[in-house]
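See below for the structure under consideration.
Each reported figure results from applying straightforward, stated rules to the coordinates on display, with no laboratory input. What you see is a predicted model, and the numbers here were worked out from it, not measured in a lab. As a convention, Cβ positions derive from the backbone with ideal geometry for all residues, glycine included, and neighbour counts pool all protein chains shown.
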Amino acid sequence: MTDLELILQTIINSLIFSSFNALFAVGLVLIFGIMQVVNFAHGAIYMVGAFSTWYLYSENGVPFFVAIILSTLLCAALGLFMERVLFRPMRGNLFGGLIVSVGMLFILEVLSVYLFGQGLMKNITPYFRESWHVFGIESITVAHSRLLVFAVATFILGGFWLFMTRTRLGWAMKACAQNPEAAALQGISIGKISMLAMVISAAMAGAGGAVMAPLVRITPHMGSPVLITAFIIMIVGGMGSIEGALIAAFAYSFFHTFVTTYIGGEIATILGLVLMLMFLIVKPTGLMGERESV
Amino acid sequence: MFSRAGRNSAGIAVLLAVVCILPFIVRPYQLDFLIFMFINIILVVSYRLIAITGEFSLSHAVIMGVGGYASALLTLHLPISAWISMPLGGVAAALIAYILSFPLFRMKGFYFLIGSFAAAEAIRLCWVQFINPFGGYRGLRQIPVLEIDLGDFLYIDLGAPVPYYFFALIVGLIFLVIMYRIEHSRFGFVFHAVHHKDMLAQSVGVNARRYRTIAFVTGGFFAGIAGAMVAHYITAINPGLFGLKQMLFILVWVLVGGLGSFAGPILGVVVLSIIDESIRGLNELRPAFYGLILIITMLFLPDGLVSLPDKVMQGVNWLRKREDGDAPNRE
């Protein structure tokens with residue numbers, strides 16, 4: 001593999017990594033924007049998505065794509081439940097939502113240990129076995145299951161973008177994020193919008209988990225590192241800003257993948273965190289953040 | 001019959017007597033549990049010291065770890081007694097907290113929350129990454145224990161549970177008194193002021209950021225010593241001990257107990273630890289119980305367990321009013 005090929009390969013890896021990170025982080029940012037809740041259980045929802053895909057597809061022989069869709073729906077239902085039971089009574093309580101989401105994180109992790117056991121390796125026999133050789137170059141390979149991550153993430157994010165820019169419901173959601181009181185005065189039901197936002201957000205995390213399931217080790221704690229990455233993206237992008245999150249997801253993923261390829265994984269995370277702190281010294285509200293909360 | 005102060009001091013005396021007898025009647029593993037409870041009390045009260053300035057930090061567990069690592073490394077590599085290294089561990093933790101305060105206190109609210117988390121995680125990953133001197137995932141081992149060695153006259157090995165129990169008790173009590181005094185000093189009043197009336201405090205010339213930094217560094221010092229106390233008791237530490245889970249437990253204890261009063265976090269640690277201990281048989285289900293308690297408390301007792309008596313009294317009064325009928329309303 002020549003230098004150029006390695007660079008090309010790394011760029012493609014970065015693209016796939018960033019599409020997933022963007023999908024995951026946008027869900028987190030959406031919830032913060034609408035409800036002012038930092039959802040610590042977002043990683044747990046991702047875990048639930050991966051677990052249910054594994055359970056349906058590998059254990060029960062449900063077709064792969066049906067399993068992905070069912071897992072996404074399951075996570076959406078989980079999101080609906082969390083909004084109605086946990087986050088709604090906490091509205092206006094600045095740290096209340098965060099705390100109950102931590103409680104939910106504990107419960108979901110324990111539930112998955114209880115249902116499926118901790119130590120067992122949960123391998124998914126890959127649905128796609130072939131790889132794609134970019135530009136016909138033999139040494140640059142992208143497994144089809146990784147291409148699926150990119151495709152699904154792009155599809156969902158594209159759909160979400162259309163929803164936000166083209167539909168009245170999307171505008172209503174944007175209005176809620178910008179000024180909840182004014183939105184309520186215009187007859188927008190904040191409760192309904194919060195519910196919808198939570199369903200979308202949970203579905204994004206769930207779909208992410210479902211398509212990542214064949215690529216990662218499925219454990220009850222698989223959500224934590226992904227959540228930490230999403231926090232970095234969220235805060236660099238500016239909390240509550242979806243555009244910021246997208247830009248930050250690409251920047252961070254490229255940085256992280258390149259440092260991982262050329263130096264090492266742990267160093268990449270440490271450097272990422274340090275760079276984030278340095279960035280925040282210069283601009284404490286993140287890339288796109290305008291207001292300082294509190 | 002008795003004055004309130006009299007009753008309070010009588011209560012404290014009884015509590016102290018019970019606490020002093022306790023190590024001789026409980027089983028050995030329960031002694032461990034009590035020791036960690038004392039250490040956790042130091043941890044949550046020091047956390048409250050930071051939180052009363054209005055910023056919730058997610059770096060406390062790692063700051064605690066800094067104290068543990070610093071003290072352990074000092075005793076492992078230098079001919080220093082643990083008696084000296086423990087306070088130095090606290091100083092190291094305070095120093096790291098001071099360095100972190102520069103970037104962190106430029107942020108507010110959720111930015112601070114996540115920023116402090118990220119900064120802490122960076123430190124923790126350094127322990128994982130740099131095997132020399134931090135030992136990587138496996139951490140540090142064979143950390144010397146504390147000992148009182150006065151030659152032939154007196155020798156106590158504080159590595160044993162019963163002596164360490166009293167050591168943790170005494171240190172805990174001293175720290176509680178110190179932190180209580182800090183909160184009720186001029187500093188403490190300013191801490192409250194920069195939380196509740198940030199702008200007003202600044203407009204009368206209080207440097208809010210400076211006071212937040214003071215609280216952050218002071219809290220870090222006590223947390224660092226708590227970390228050193230853990231390190232020199234269990235004699236082995238690793239990065240996993242100071243991860244996100246530990247931090248979330250601190251947050252749970254503080255908020256379930258009630259951040260509003262000094263006794264709240266202590267109550268949180270004691271009640272939740274005892275519940276945790278009594279459901280020991282459930283093993284891996286324990287965190288779920290924690291989660292459930294957390295959610296129920298936030299939903300029904302947003303001010304924490306300390307507000308339970310008030311809530312009960314409110315309920316009783318409400319019932320009494322209903323029994324009296326609506327008569328007062330008709331007037």
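Which order results if A:228, B:296 are arranged by neighbouring Cβ count within 10 Å, fewest first? Could the numbers behind the result be given before it?
Values: A:228 20, B:296 13.
Lowest to highest Cβ neighbour count: B:296, A:228.
Convert each backbone phi in the range A:39-56 into a coupling constant with the Karplus relation 6.51 cos²θ - 1.76 cosθ + 1.60 (shift: θ = phi - 60°), then list the ³J(HN,Hα) values in order as whole Hz, x for Gly and Pro.
Once θ is set to phi - 60°, the couplings for the range A:39-56 become 8, 5, 7, 4, x, 5, 5, 4, 4, 4, x, 5, 4, 6, 4, 4, 5, 6 Hz.
Once a ≥ b ≥ c are taken as the square roots of the eigenvalues of the Cα gyration tensor of the range A:214-261, is the result rounded (a/c under 1.5), prolate (a/b larger than b/c) or oblate (a/b not larger than b/c)?
Oblate is the answer for the range A:214-261, as a/c is 1.5 or above yet b/c matches or exceeds a/b.
Over the Cα atoms of chain A, what Rg and Dmax result, in angstrom?
19.1, 61
When chain B is treated as a GNM, springs tying every alpha-carbon pair under 10 Å, which of B:220, B:268, B:67 comes out with the largest mean-square fluctuation?
Checking each option, the largest mean-square fluctuation is seen for B:268.
Let a ≥ b ≥ c be the square roots of the eigenvalues of the Cα gyration tensor of the range A:8-64; is it rounded (a/c under 1.5), or, if not, prolate (a/b larger than b/c) or oblate?
Working: a/c = 3.30, a/b = 1.15, b/c = 2.88.
Because a/c hits 1.5 or more and a/b fails to exceed b/c, the range A:8-64 counts as oblate.
In degrees, nearest 10, range 0 to 90: what is the angle between the Cα axis of helix A:242-262 and the longest Cα principal axis of chain A?
The two axes meet at around 30 degrees.
Per residue and in Å³, how big is the convex hull formed by the alpha-carbon atoms of the range B:1-90?
Convex hull volume per residue, Cα atoms: 165 Å³.
If eta is 0.692 mPa s and T is 37 °C, what Stokes-Einstein diffusion coefficient results for the range B:178-331, Kirkwood Rh from Cα pairs, in µm²/s?
Details: Rh = 19.0 Å.
The Stokes-Einstein estimate is 173 µm²/s.
Of B:166, B:249, B:289, which has the largest mean-square fluctuation in a 10 Å C-alpha GNM of chain B?
In the Gaussian network model the winner is B:289.
Which angle from 0 to 90°, rounded to the nearest 10, does the C-alpha axis of helix B:4-25 make with the longest principal axis of chain B?
For B:4-25 against chain B, the angle is about 40 degrees.
For the protein assembly as shown, what's the radius of gyration and Dmax over Cα atoms, in angstrom?
That works out to 26.2, 93 Å for Rg and Dmax.
Have a look at B:150, B:158, B:285 and tell me which one the Gaussian network model of chain B (Cα, springs below 10 Å) gives the largest fluctuation.
Largest GNM mean-square fluctuation: B:150.
Could you please rank A:171, B:253, placing first whichever residue has the fewest other Cβ atoms within 10 Å of its Cβ?
Least to most surrounded, the residues fall as A:171, B:253.
What ranking of A:75, B:126 emerges when the number of other C-beta atoms within 10 Å of each C-beta is taken as an exposure proxy, fewest first?
Details: A:75 28, B:126 17.
If I rank by nearby Cβ atoms, fewest first, I get B:126, A:75.
Show me, for the range B:312-322, the HN-Hα J-couplings you get by feeding each phi into the Karplus relation (A = 6.51, B = -1.76, C = 1.60, θ = phi - 60°), rounded to Hz, glycine and proline as x.
Values, residue by residue: 4, 4, 4, x, 4, 4, 4, 5, 4, 4, 5 Hz.
With n ≥ 4 as the cut-off for DSSP H runs, can you work out [θ] at 222 nm for the protein assembly as shown, using -39500 (n - 2.57) per run divided by the number of residues, rounded to the nearest 500? Display every interim value, and only then the final one.
Values: 26 runs with 445 residues, N = 625.
Rounded to the nearest 500, it is -24000 deg cm²/dmol.
Using θ = phi - 60° and the Karplus curve 6.51 cos²θ - 1.76 cosθ + 1.60, what whole-Hz ³J(HN,Hα) does each residue of the range B:93-109 get, with Gly and Pro shown as x?
After applying 6.51 cos²θ - 1.76 cosθ + 1.60, I find 4, 5, 5, 4, 4, 5, 5, 5, 5, 4, x, 5, 7, 7, 9, 9, x Hz.
Quick one: plug the Kirkwood hydrodynamic radius of the range B:114-197 (C-alpha pairs) into Stokes-Einstein at 37 °C, 0.692 mPa s, and report D in µm²/s.
So the translational diffusion coefficient is about 190 µm²/s.
Percent relative contact order of the range B:244-324, based on C-alpha pairs within less than 8 angstrom and at least six residues apart?
Relative contact order of the range B:244-324: 32 percent.
Once both axes come from the Cα atoms, what is the angle between helix A:223-237 and the longest principal axis of chain A, in degrees from 0 to 90, rounded to 10?
It is inclined by approximately 60 degrees.
Which far-off residues, 5 or more places away or on another chain, put their amide H under 5 Å from the one on residue A:132, with H placed in the peptide plane?
For residue A:132, the qualifying residues are A:142, A:143, A:144.
Under 1.5 on a/c is rounded, so check that first for the range B:244-324, then, if it is not, pick prolate when a/b is larger than b/c and oblate when it is not; a ≥ b ≥ c are the square roots of the alpha carbon gyration tensor eigenvalues. Walk me through the numbers before you get to the answer.
Values: a/c = 2.67, a/b = 1.88, b/c = 1.42.
Taking the square roots of the gyration eigenvalues as a ≥ b ≥ c, the range B:244-324 is prolate.
Send over the semi-axes of the range B:26-242's equivalent ellipsoid, whole angstrom and largest first, taken as the square roots of 5 times the C-alpha gyration tensor eigenvalues.
32, 21, 14
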